[in-house]
1. At A:M201 and A:A404, where each label point lies 7 Å from the Cα along Cα→Cβ, what is the point-to-point distance in nanometres?
2. Amide H to amide H under 5 Å from A:V244: which residues, 5+ apart in sequence or cross-chain, H placed 1.01 Å off N in plane?
3. Greater than 32 Å separation of Cα atoms is the criterion. Which listed pairs, A:K58/A:K170; A:K58/A:K214; A:K141/A:K337; A:K255/A:K379; A:K151/A:K337; A:K178/A:K337, meet it?
4. Can you tell me, using C-alpha contacts under 8 Å and at least 6 residues apart, the relative contact order of region B:1-145 as a whole percent?
5. Calculated FRET efficiency, A:T37 and A:A326, Cβ-Cβ r, R0 60 Å, to nearest 0.05?
6. Using only the alpha-carbon atoms, how far is helix B:112-145 inclined from the longest principal axis of chain B? Give it as 0 to 90 degrees, nearest 10.
7. Using 0.36 nm per residue of separation minus the Cα-Cα distance, give me the extension gain between A:E263 and A:I186 in nm, one decimal.
8. Using alpha carbons only, how many degrees (0 to 90, rounded to 10) separate the axis of helix B:67-76 from the longest principal axis of chain B?
Amino acid sequence: MKISKRWAPAALVAAMITAGTIALPMQANAVDLPDLTPKQVMLLMDGEIQGFSGTIVKTSDLGLPELQLSSMMNEDMIKEMEEKLPEGFEDFVPTLIEQNIVTQAVELISGTHKIRVYASNEGARVQILDTMSQRDFIVNKDEFWFYDSRKATAITGSIDMQINQAEAEKAQLDAEAKLAEYAAQIQLDISNPEAVADYLMDRIGQSTTVSVGKDHRIAGRTAYQLIAQPNASNSLIESVVISVDSETGMALDVKVYSVEQAEPAFQVGFESISFAVPSASTFSFTPPTGTTVENFEAPADLQAELETLKAQGSDMTEEELLAYKAELEAKYADQAKPEVIGEGWESVIHLSAIPTEVPMSLLENELFADLMTNVAGGKVFSTPIMNVLITDSGEVYAGAVTIAFLQEVAAR
Amino acid sequence: MFARLFSASLMLSELRVMFTRRRTWAMLAAIAMIPILLATAVYLSADQIAPGEGPPFLDRVTQNGLFTGFTAMLLAMPLFLPLTMSVVSGDTIAGEAGLGTLRYLLIAPVGRARLLVVKYLATLVFALVGTFVLMIAGAIIGAILFPVGPVTLLSGDVIQIPEALGRMAIVALYTTVSMMGMLALGLFISTLTTIPVGAMTGVLVASGVSQILDNLPQLAWLHEWLFTHYWLDFADILRQPIELGSLGANVILQLGYVAVFGALAYGRLASKDILS
């Protein structure tokens, strides 16, 4: 059958769209920057930036159920979940969703988020762009704000510059002194960035192979690609790939690849960026009318303890202070302290017992049972870049290493 | 070239036909009823709506009437607005064919490409009028029933009323842009049949399917190609600083749909024998 030429425009449009979708990503890779060694790229990253604003997209592929709890759930769904949970756990859901910072953190780690960032010497503002809502975190010289538009709530606290400055200065001097002492020990000239880079490369080189990948275009900028590959056979991390802006040396994109999958397990990077300094008004915030404002306070226990300290402060002797310290230590002694086994990419965190706040029965709950797999000697919570082993005796081992290696460490 | 594709007199007569139809006015009235019903229901219910309860923005309506338009747009976006658009776009060619008037239209010295362009632009005018009717009706009923004042954006920043009205206009324009791809799809489906209802249903089903696919995480790679993908992102207009990234992506996507289905509609209409 003869195809009428009237269909020509349709064929042309289809061809143009196909060509466009293929050509655009190819163009992104058609960048040729002067060749640099990994060391030179690291030196480039030392550059100073006065301020910037940009949009960051974060995606992760950890094989976890998407936990977009705080942004997606409404009251009805929470009620429904309450009903479905076993007896005694009804309270667990709302607190988990409403208050728990951990859930908020998990929600931020898993899934995809679009985040706008503004930063300068005046302060910083981070906006998490949720569907139909937004969370803002604002820090300026005097105060910080957290604003959640969905719940119309704000949390604020003041930043006492005087105390902070004095403390920061002291900490900096301390750190500098320690660094100078250490540098003298290893005969390193720290005033020479090149020497420092050499030293760092040397240290990293023992555990990691660092190379420079393909020059490419990202967020409208030309960038070098720094690739770090662990020299550790038990590591889950295949490589960490960092895109470094060729002009400012700012890291524009970080990808973490797992040995278990071809797609990055975690990626965070700029979609667009501008190095114009954002106006100072971006960093000031006044809660709109109708907002529930909460003043941020340190947890009650600590607050009470500090209060006692302050009250006694003037006439407290050294002896009393030591006694108080011992008392505090005794109070927290029953908490298991984490210890690190091994070093570098293969380091494993070991907890001799599950923290007492977590009831053991929780681990038998269906929700959690779904996330865990049974292995010889215990249960494993597994993601492409991290494994957690809970042994039958209640010990916890966690690290960016294979399950087999965790079992091996546990058996030692 | 442009003169061959566009004719002002044909456009005027097309718009005259569209806006003298009782159906058009009934649909516009129904669109206006969405914010009116919403505001009245919120006004009459004694319960205070807690933030985060019900659809987004609903709690804001009682504090500030100007939010009525945004909330109504949110409710109308998944089904009602596409429904009216499918009626108008499905009717374009199939309606004329069904009435037996298409051949008379083409006997007059009117090129088939020109007829398609004019028909399409007329549906776009309807989309523009429809979205503005919704926003304006929302603002008016909101102002009557609730206090009106500076508007709180999603970032917690507050803008004054004139700027808020500007943002409302941008949201209406954004929504019109969102409809462009669907209207082009409707135009194409309308060239395939002589039964307008069939074409209307086809477009509406397509928008439903597209929205369902957009909600399946397994098809994440497909999402940015779906014409419904950016429909609800008009919320980006309510951020400070205003976020235009999704608007830009939406414009490119919608223009792609217009190019593809416009060209397909031309291929179909120009190559077929017009018997009705």
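Coordinate-derived values only; no laboratory data. Because the structure is predicted, anything quoted here is derived from the model rather than measured. Reconstructed Cβ throughout: ideal geometry from the backbone, glycine too, with neighbour counts over all protein chains shown.
1. 3.5
2. A:Y224, A:Q225, A:L226, A:L252
3. Numbers: A:K58/A:K170 36 Å; A:K58/A:K214 22 Å; A:K141/A:K337 35 Å; A:K255/A:K379 29 Å; A:K151/A:K337 37 Å; A:K178/A:K337 27 Å.
From A:K58/A:K170; A:K58/A:K214; A:K141/A:K337; A:K255/A:K379; A:K151/A:K337; A:K178/A:K337, over 32 Å: A:K58/A:K170; A:K141/A:K337; A:K151/A:K337.
4. Here the relative contact order equals 45 percent.
5. Values: r = 53 Å, r/R0 = 0.89.
Efficiency computed from Cβ-Cβ geometry: 0.65.
6. Long axis of B:112-145 versus the principal axis of chain B: about 20 degrees.
7. Working: separation 77, 0.36 × 77 = 27.72 nm, distance 4.09 nm.
My answer for the length gained is 23.6 nm.
8. Value to nearest ten degrees: 40.
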